[in-house]
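Chemist: Starting off with a structure, shown below.
What follows is calculated from the coordinates using simple rules that are stated; it is not laboratory data. From a predicted model like this one, the values you see are computed outputs, not experimental measurements. Every residue, glycine among them, receives a Cβ derived from its backbone with ideal geometry; neighbour counts consider all protein chains shown.
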């Protein structure tokens, strides 16, 4: 199959130069048809392949691949003759890429039957093969396709399907590197699966099987374990004390050990105030070893939701993606992202609350070789028309707040926190902190959003926090550990 269209375009918007990384944004609202971005993958040369779908007419979406360069320039490749839209993409062991999606099969009255499709292409976005599958069944209601490359180079795809009027069940495909079906299983109806969604599929480090992170029969997030023949071998459901619902949805791209993963997701606050963003160290048996509420919503002014994807640069630079419902602005969403590390410490956040970002929802996240990340978003218009929107961020754009501990004589400790107001550094007296506990410090703004949460490391009596990156205004600080809050206070950043 040949490329039907290739368009080279200049950088849409250059905002700021921070260190060696440049922030920029691309708005696809000038396209003739609606565009919807779903996923992206980092290529070997440091460029990014972005998966966009475009509406060639009022009913059907077709693939639009974007080859995105580090400076914000990009090439477009339209494939109007491929009869399905794409939801995810992975890189194969042979260096090619495989993208997955579903047909719409619009019959003029309703979207009734769906088939899974895949396309294989190379670094130049030349299509090598396209396949359309409905093995053993007419599949109705396919959603949330996720895939991994197995050790033998084959590809395992998991998704949810809805046979007839029943609720969604899991299905699995094993494909070779050109998309041919090697094996397929549609899970039979059972009480285990009432409302299935696949959020992620991982290799099980303890065996040669797989871990599916998705919803169980109650609609809560769980981990299900399968062998290589897609037989279910067990399941577990993490729960966290203090939350009205279980850990509702999470994602993991970071193993902390053979049995423990670092997860990023959200759960409903036990007080019923809204959704909180959580980092958690979860064992595969469902035990939550530790967790950190990195963004809490003290009321319903800012509800947090979204496709909670992670992007890992290294142990100290991990990004998480979310979006916000600002209730005071009425209907709509605004994008957000946070920076954290493998110790479950929140290092910095970015919330895009300006009017130019209204009605933009986040979709996926790609870590970049320069230490930054790319946010893949969509602006949602009335009648569900969409425009893809891409934001490049550097690590510095997240305003990571630095902390250090030093020993200061008691006579020089002038107050619990000083100077106050401050333009740069805030010093906090920690001379009376209990020893041998994981003491933490957090800073929260007046809207209730946590801006930083760090473990207090090192020995000494004075904690120094560089708050120069915070916007002017009033803030709350809290020093606490897993047992209780030790003390708190207010300060003003000038």
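Chemist: Subtract the Cα-Cα distance of residue 255 and residue 185 from 0.36 nm times their separation in residues, and report this length gain in nm to one decimal.
Modeler: So the extension gain works out to 22.4 nm.
Chemist: A further question follows. Based on alpha-carbon centroids, what's the gap between region 202-241 and region 448-485 in Å, whole number please?
Modeler: Going from one Cα centre to the other spans 36 Å.
Chemist: Using the Kirkwood formula over every pair of different C-alpha atoms, what hydrodynamic radius in Å results for region 403-493? Spell out each step's value before the answer.
Modeler: Details: mean 1/r = 0.0752 Å⁻¹.
Taking the inverse mean of 1/r over all distinct Cα pairs, region 403-493 comes out at 13.3 Å.
Chemist: Using the beta-carbon distance between residue 404 and residue 27 and R0 = 41 Å, what value does 1/(1 + (r/R0)^6) give for FRET efficiency, to the nearest 0.05?
Modeler: After rounding, the FRET efficiency stands at 0.55.
Chemist: Here's another thing I want to ask about it. Please compute the modelled spin-label separation between residue 45 and residue 150, points set 7 Å along Cα→Cβ, answer in nm with one decimal.
Modeler: Going from the residue 150 label point to the residue 45 one covers 3.3 nm.
Chemist: Further, regarding this structure: What length, rounded to one decimal in nm, is gained on full extension from residue 176 through to residue 432, with 0.36 nm per residue of separation minus their alpha-carbon distance? Display every interim value, and only then the final one.
Modeler: On the way: separation 256, 0.36 × 256 = 92.16 nm, distance 6.15 nm.
Gain in length upon complete extension: 86.0 nm.
Chemist: Ranked highest first by average number of other Cβ atoms within 10 Å, how do 284-290, 394-400, 373-379 line up?
Modeler: Ranked by mean Cβ neighbours within 10 Å, highest first: 373-379, 394-400, 284-290.
Chemist: Please find the FRET efficiency linking residue 81 to residue 315, where r is the Cβ-Cβ separation and R0 is fixed at 56 Å, and quote it to the nearest 0.05.
Modeler: 0.80
Chemist: How far apart, in nm, are two points set 7 Å out from the Cα along the Cα-to-Cβ line at residue 492 and at residue 459?
Modeler: Result for the modelled spin labels: 3.9 nm.
Chemist: Please work out how much length the chain gains when fully extended from residue 132 to residue 355, using 0.36 nm per residue of separation minus the C-alpha to C-alpha distance, in nm with one decimal.
Modeler: 76.1 nm
Chemist: For a quick check: sort 308, 133, 381 by the number of other beta carbons within 10 angstrom, fewest at the front.
Modeler: On the way: 308 23, 133 17, 381 12.
With the fewest neighbours first, 308, 133, 381 line up as 381, 133, 308.
Chemist: Right, something else. Please state the relative contact order of region 344-494 as a whole percent: Cα pairs under 8 Å, 6+ residues apart?
Modeler: 23 percent
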